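Comments concern the structure below.
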Amino acid sequence: MPLEEDLLPNDKNFHMSLAEFRRHGHAVVDWIADYYKEVESYPVLSRAKPGEIRASLPATPPVVGESFETILQDVDKLILPGITHWQSPNFFAYFPSNTSGASILADLISSGLGVQGMLWATSPACTELETHVLDWLVSMLDLPTKFLSSSSGGGVIQDTASSASLCALLAARERATNFGSNKRGCDGKLVAYASSQAHSAIEKNVQIAGLGRENLRFIEADPNFAMNPSALSERIRQDRAAGLTPFFVSATVGTTSSNAIDPLAQIGPICRDNKLWLHVDAAMSGTAALCPEFRHIHHGIEFADSYCFNPHKWMFTNFDCDCFYVADRKALIQTLSVMPEFLRNQATASGDVFDYRDWQIPLGRRFRSLKLWFVIRHYGIEGLQYHIRRHVELAQQFAKWVRDDERFELAAPAPLNLVCFRHIGGDEANQQLVDRLNHSGDLYVTHTRLNNRMTLRFCIGQTNTERRHVERAWKRIQEEAEKIGSGS
Ligand code: PLP
C-alpha cells in the first residue's frame, strides 16, 4: 500500500493507498460494531431461496474498479440477506462457532501481516507463539504433560477437527505399519473403530486415508449414547481372530448429536493392551475443561495418543482454529514430512525448530495463534471460565424448564451446554415445531435422531447469549407447541 506521495510521476497503480486503507479500515470496524449491535434483531436463519443471492449479483466482473463505499454498501444490500447469523445470541443450532472482539481484531492483524508460517524460518514468531500458546492450553485444560512441546509431544493448530483426526489417523496408520503404508500403500487389513455416534469426519477420513470404509467399525453406544467399551473390546478380538489389524480408535468427548462422553478411562486400557492409537475428539466440549468442575469429561485422557478441541466452536476464537495434540510428535512428523530442495534451510537442518508444515496436510499456514493469544490475554483464564460456566448454567436452566413441562421430554443427559429434547407428540409434531421456530426467525435450532426419534438440539454457546435470550427462546418454543397442540 503505497503512500500517494511516495509515487513517482509515471508510477501507475490501482492499490488502496495507506490513507484510504486507514479510512476504510475504520469504516469496516464501525460496520462490524454496528452489525453486532443489530444482529439479534435479524432473522437468525437466512430466508434466501436457492440461487437468490447469485441472481442479485452482476453477471460479469467490473472492468473498472469501484469505490470502497459502494462495495461496503453492497454487503448490506446483497450479502446480509444470505447470511445465517451464527453470531446472533439467538443462535442455538448445531454447535456454536463463536468469536469475540479480541479474536476478530487479532485475525485482522494476522491478515495485515500476511505471514505464511509453513516453516519456522518463514516467520519464527508464527511458529514460536503457536508452540507457546498451545503449551499454555495444556495447563489451562489440565491435559497430560506428554502433550507439551517440552516433552515427547506437542500441539499444533489445524483448520478443523476433521483435519486433526485425519492427521491422527495417518500417523496411527504409519505407526502400525512401521511407516510402510506411506511407501507401498495400504493392504486393506487395518481396522479403525469409533462409536456409532462419532462425527462423520471419521468416516470421511478413513476413506481419504485409503483404509477403506468397510474397515471402519461403528461400535454400539450405551443408553446414554456413549461408546460401549465391552463391545469395542469384543469387536477388536473378532477382527484379530479374522486376521485383520486393529490400529486406531477415535473416542468422542461431547458427541455432535447428544454431547455424550465416551468413557476414556475404560477405552484407554483396551487401546493400550491392544497397541491401538487412541484419538480423542473433544471438538466442542473440550473447552469446558477450562473449569475444574467439568474436567471429569477428560477422565482417562492420559491414555490418549492424540487429542483435539476447537477454540473456534466455544472458546470465543473465530473460525478456523482447532488445537491438535500428539503424545509422540516424531510419529506425526515422520508420517507427514517430505523435504523438497526449495524448503531446505539452516534452521530446519539444525533440528532446533518446529516446522509446522510437517504437522499438517497443507504446506501453507496462516498466523492463527495470534487470535488465540489475544483471546487468552483479553479474557484471562478467569474470564473464559466465567462465560463457559454461564453457558452451562443457562443450558441446565433450560433443561429444567423442559423437564417441568409435561408436553416435552429430555432425550438424552445434558452434561454441559447442549439440551436434546422433544415434544411428546411424535416426529411430525417435532418437525413442525422446528420448522415453525426457524421460519419465525426468532431463533435457530437444529435436530438429530436419537433412538430413531426426531429430537431437537438446543446448544448454548454463542458469545453474547444471555438469560433473556434463553427465556425468550423457551417462551417461543412453548407458544409454537401450543399451536401444534391446538392444530392451528
Ligand atoms: N467432531 C465433533 C465431535 C464435532 O461436533 C464436529 C463438528 O461439529 C467435528 C468433529 C467437525 O468439526 P470441524 O468442522 O472442526 O471439522
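Laboratory data are not the source of any read-out in this text; all were calculated from the coordinates shown. As the structure is a computational prediction, the values presented were derived from the model and not from experiment. Cβ: placed from backbone, ideal geometry, glycine included. Neighbour counts: every protein chain shown.
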Q: For region 316-325, take each phi angle, set θ = phi - 60°, evaluate the Karplus expression 6.51 cos²θ - 1.76 cosθ + 1.60, and give the result in whole Hz per residue in order, putting x for glycine and proline.
A: 6, 10, 5, 3, 10, 6, 10, 9, 10, 10
Q. Are there chymotrypsin sites (Phe, Trp or Tyr not before Pro) in region 71-180 that DSSP puts in a loop and that have at most 14 other Cβ atoms within 10 Å, and which ones?
A. Phe179
Q. Hey, how many Å between the Cα centroid of region 253-331 and the Cα centroid of region 99-151?
A. 19 Å
Q: Take the alpha carbon gyration tensor of the chain, find the square roots of its eigenvalues, order them as a ≥ b ≥ c, and report rounded if a/c is under 1.5; if not, report prolate when a/b exceeds b/c, else oblate.
A: oblate
Q: Select from Val44, Ser163, Ile109 the residue farthest towards the positive end of the dipole of region 44-165; place +1 on Cβ of Lys and Arg, -1 on Cβ of Asp and Glu, and compute about the Cα centre.
A: Val44
Q: Mind checking which of Ala265, Ser230, Gly188 is farthest towards the positive end of region 185-309's charge dipole, using Cβ charges of +1 (Lys, Arg) and -1 (Asp, Glu) about the Cα centre?
A: Gly188
**Q.** Selection of trypsin sites (Lys or Arg not before Pro), region 344-447, meeting DSSP coil and at most 11 other Cβ within 10 Å
**A.** Arg344
(Q) Checking the a/c ratio against 1.5 first, then a/b against b/c, what shape does the Cα gyration tensor give for region 396-440? (A) prolate
Q. Relative contact order of region 219-267: what whole-number percent is it, with Cα pairs under 8 angstrom and at least 6 residues apart?
A. 35 percent
Q.
Going by Cα centres, region 158-222 and region 409-465 are how many Å apart?
A. 31 Å
Q) Taking a spot 7 Å from the Cα of Gln431 along the direction of its beta carbon, which residues of region 447-488 have an amide N less than 11 Å from it? A) 454
Q) To the nearest 500 deg cm²/dmol, what mean residue ellipticity at 222 nm is calculated for the chain from DSSP H runs of n ≥ 4 alone, each contributing -39,500 (n - 2.57), summed and divided by the residues? A) -13000 deg cm²/dmol
Q: Sort region 12-131 into rounded, prolate or oblate with this rule: let a ≥ b ≥ c be the square roots of the eigenvalues of the Cα gyration tensor; rounded if a/c is under 1.5, and if a/c is not under 1.5, prolate when a/b is larger than b/c, oblate otherwise.
A: oblate
Q) Given N residues in region 331-472, what is Rg(Cα) / (2.2 N^0.38 Å)? A) 1.60
(Q) Can you tell me, using C-alpha contacts under 8 Å and at least 6 residues apart, the relative contact order of the chain as a whole percent? (A) 21 percent
Q | region 32-115 - percent relative contact order, Cα under 8 Å, separation 6 or more | A | 40 percent
Q) Which GluC sites (Glu not before Pro) from region 374-416 combine a DSSP loop assignment with at most 15 other Cβ atoms within 10 Å? A) Glu406
Q: Under a cut-off of 28 Å between alpha-carbon atoms, report the lysines in cross-link reach of Lys37, not counting same-chain residues fewer than 8 places apart.
A: Lys49, Lys77, Lys313, Lys371, Lys475
